[in-house]
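Let me begin by presenting the structure, written as structure tokens, before commenting on it.
The values are calculated or read from the model by the stated rules, or taken from the named source; none is laboratory data. Predicted model, so just to flag it, every value in this text is computed and none were measured. Positions of Cβ are generated from backbone atoms using ideal geometry, with glycine treated the same way; all protein chains shown enter the neighbour counts.
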Amino acid sequence: MSVELGIAVAEQGRPARLLPDERLLGGDQHAENAVSGADSTITRIAIDARYARTKRILDIVLVTLALIPAGLIMLLVALAVWYDTPGPIIFRQKRLGMNGVEFEMYKFRSMYHGSSATSHQAATTQFIQGGVINLTDSNMPYKLGNDPRITMVGRFIRKLSLDELPQLFNVLKGDMSIVGPRPPLDYEVALYSQRDMLRLAGKPGLTGTWQVYGRGRVTFQEMVEQDISYLATQSLPYDVKLMFLTVPVLITGQGGA
């Protein structure tokens, strides 16, 4: 049994906002390897209701348990951000989640307060159009490098992804899941093709195939195909596997900046 896209967000207590031209589609499920590459047979994605409920329960249990040890780390990060540069400790930003529903995502502030998003928007446009955005690091050609907007503390917490910890509360609220595609900004989605829109068929996540297998080393289209295959698979064992595979990525700071 499947939940059609546009209806699946009802559990969040608010109506779905369909994207332009109703480019989000629902339909049959596929069991695919999320890193096997493009599968042109996947043209419609619907999230199975039983899988969604079980994953939601898993999210709540794991995040609740994680908040106990993570609380001390978050306190230390908050103090470091407060001491480092003037500005709010928590950075709030509008992102697009499941079915294009807008929500407020939380992060520890890692940039100087009031920094312009112009450079990020330009880099994102270039990335989506297939261009390289980092000419100084051949290992991370698709991740913006040497960003002068990032503070000293910000560079450290980004390296270890500690800036993402407040998103645990986004998971508790139901805006996000532990595993899923990263939530895009509205100006990113404005450049999406019909196929790119499929990556918005499920809840965005703290980690996923991009963080584990790509993270600055894959093109935008490769990232999209990883997300589409992941969303079509809908496997709790694979979700748990991605969680475990995220740990060494966090410890080594691989791809963080």
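On the stretch given as segment 39-61, residues that are part of a loop (DSSP other than H, G, I, E, B) and under 20 Å from the mean Cα position of the chain (by Cα) total 2. Checking segment 128-140 against the condition returns a match, with at least one residue being more than 25 Å from L198 (Cβ to Cβ), touching a residue at least 24 places away in the same chain (Cβ under 8 Å) and surrounded by 15 or more Cβ atoms within 10 Å (Cβ to Cβ).
If the condition is being more than 17 Å from the chain's Cα centre (by Cα) and of a type outside the set (A, V, I, L, M), then segment 64-108 contributes T64, P69, G71, W82, Y83, D84, T85, P86, G87, P88. Selection over segment 205-224 of residues that are modelled with pLDDT under 90, aromatic (F, W, Y) and surrounded by fewer than 22 Cβ atoms within 10 Å (Cβ to Cβ) gives a count of 1. Within segment 62-106, the set of residues being assigned to a strand (DSSP E or B), over 13 Å from D175 (Cβ atoms) and not aliphatic (A, V, I, L, M) comprises F91 only.
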